[in-house]
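Here the structure is laid out as structure tokens; the discussion comes afterwards.
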Amino acid sequence: MGVNDSEARKDSITSSLCSSHLDLELLQRLFVKHEPDVTIDSYEEAQGSGRGDNYTAALFRIALKGHTLPDGGTKKLKWEKSIICKRLPDCKIKREAFKSEALFRNEVVFYNTIMPEYVAFQRRQVETVGAGTDEPASGRLFQAIPHCYLARDDLIVLEDLRVRSFTMPDRQAGLGPQQLEAVLAELARFHAVSLAYQRRHPAEFRQLTGALQEGIFSQANEEWYRRYYDVLTRNAIQMVRQTVPEKRDHLAKLEAFLGNCFGHLVELVNRTSELSVICHGDCWTNNILFRYDDAGAIAEVGNAGNAARPQLCVTDAS
């Protein structure tokens with residue numbers, strides 16, 4: 001049974017020592033709502049991410065095995081499903097260091113409130129303006145996230161996108177031009193939904209954004225992150241200086257911005273206007289998944305399902 005660190009039983013999501021304990025009874029209650037004739041007989045826990053892939057939550061992959069018995073039938077049919085489970089780290093020091101509780105709450109709000117509202121809003125618009133097209137309505141919606149089975153303060157249970165052939169890119173190699181273009185296009189769709197929703201429902205949009213808490217870029221965290229950002233900014237400046245030493249004007253602008261990097265970021269994520277959107281606050285390689293077609297082209301982009309989390313914030317799209 002694999003878990004995220006060496007303290008196997010302590011960090012196991014299925015251990016009774018875990019505060020967000022996941023057991024057969026809870027799993028059965030979750031899935032009978034979606035598949036009334038299913039009975040889960042067993043489950044097996046495995047590691048959900050590699051070392052260094054995830055910091056703010058403990059991540060697990062659970063393989064479920066069971067059977068279905070269709071109405072009126074007597075023969076049991078084999079049933080299997082893989083899910084991703086995330087919970088807060090048991091270690092209080094880890095939770096405080098990575099601001100895990102605020103970020104986790106944001107993700108719960110996203111799955112329980114924001115994304116269902118955005119999907120419903122998009123469906124209403126499609127029915128109103130797109131009824132005359134041949135394209136399926138689902139194909140015109142932004143919904144690049146895994147299905148969420150449960151989201152509560154201490155536990156999130158998601159669809160395992162690996163089953164649908166999504167893969168995570170190599171974080172050491174970074175993203176190539178086609179991958180970057182696909183990610184930016186998906187983010188643009190996400191931001192477009194926010195802009196459209198805010199324009200049509202400004203009061204409701206304020207309620208959605210009011211439920212989010214900025215977990216990183218607030219003035220209260222400046223001292224906490226000072227040394228971390230000092231190292232990051234020094235490395236960034238040194239990299240530019242070595243790579244393009246002739247670009248002195250660019251380097252001077254970069255140094256000016258990074259001289260107060262954290263303060264600038266605090267100001268940016270707290271700026272509000274008619275162009276404010278709910279955005280992905282942690283868009284890095286490990287929070288992005290790709291599905292490729294038979295020819296090797298990117299067919300679909302998945303968002304933070306099998307990786308860490310969408311650390312949501314509100315910012316100005318301009």
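Conditions (1) in contact with a Cys (Cβ under 6 Å, 6 or more places away or on another chain); (2) at pLDDT 55 or above; (3) open to solvent by 20 Å² or more (accessible area, probe 1.4 Å), marked per residue:
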position: 5; (1), (2), (3): no, no, yes
position: 9; (1), (2), (3): no, no, yes
position: 38; (1), (2), (3): no, yes, no
position: 47; (1), (2), (3): no, yes, yes
Show the residue pairs that are 6+ apart or on different chains and have beta-carbon atoms under 7 Å apart, the first residue being within the stretch 101-130 and touching a residue at least 60 places away in the same chain (Cβ under 8 Å) and of a type outside the set (S, T, N, Q), the second being surrounded by 18 or more Cβ atoms within 10 Å (Cβ to Cβ) and assigned to a helix (DSSP H, G or I).
114/208; 117/208; 118/193; 118/197; 121/197
Could you tell me whether the stretch 99-112 includes any residue that is surrounded by 17 or more Cβ atoms within 10 Å (Cβ to Cβ), assigned to a loop (DSSP other than H, G, I, E, B) and among the hydrophobic types (A, V, I, L, M, F, W, C)?
no
With the requirement that a residue be within 24 Å of the chain's Cα centre (by Cα) and either of a type in the set (Gly, Ala, Ser) or within 12 Å of residue 258 (Cα to Cα) (or both), what does the stretch 223-238 give you?
229, 232
Residue within the stretch 114-126 that is more than 30 Å from residue 192 (Cβ to Cβ) and either out of contact with any Phe, Trp or Tyr (no Cβ under 7 Å at 6 or more places or on another chain) or open to solvent by 30 Å² or more (accessible area, probe 1.4 Å) (or both) present:
no
Go through the residues of the stretch 83-97 one by one and say whether even a single one is under 18 Å from residue 26 (Cα atoms) and surrounded by fewer than 18 Cβ atoms within 10 Å (Cβ to Cβ).
no
Yes or no: the stretch 199-208 includes at least one residue that is open to solvent by less than 40 Å² (accessible area, probe 1.4 Å) and touching a residue at least 24 places away in the same chain (Cβ under 8 Å).
yes
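The values are calculated or read from the model by the stated rules, or taken from the named source; none is laboratory data. In this text, all values refer to a predicted model and were calculated from it rather than measured experimentally. Counting neighbours? That spans all protein chains shown, and the Cβs are built from the backbone with ideal geometry, glycine included. Accessible surface is based on the protein model in full, side chains and every heavy atom, while ligands, DNA and RNA are left aside. Shrake-Rupley method; radii C 1.70, N 1.55, O 1.52, S 1.80 Å.
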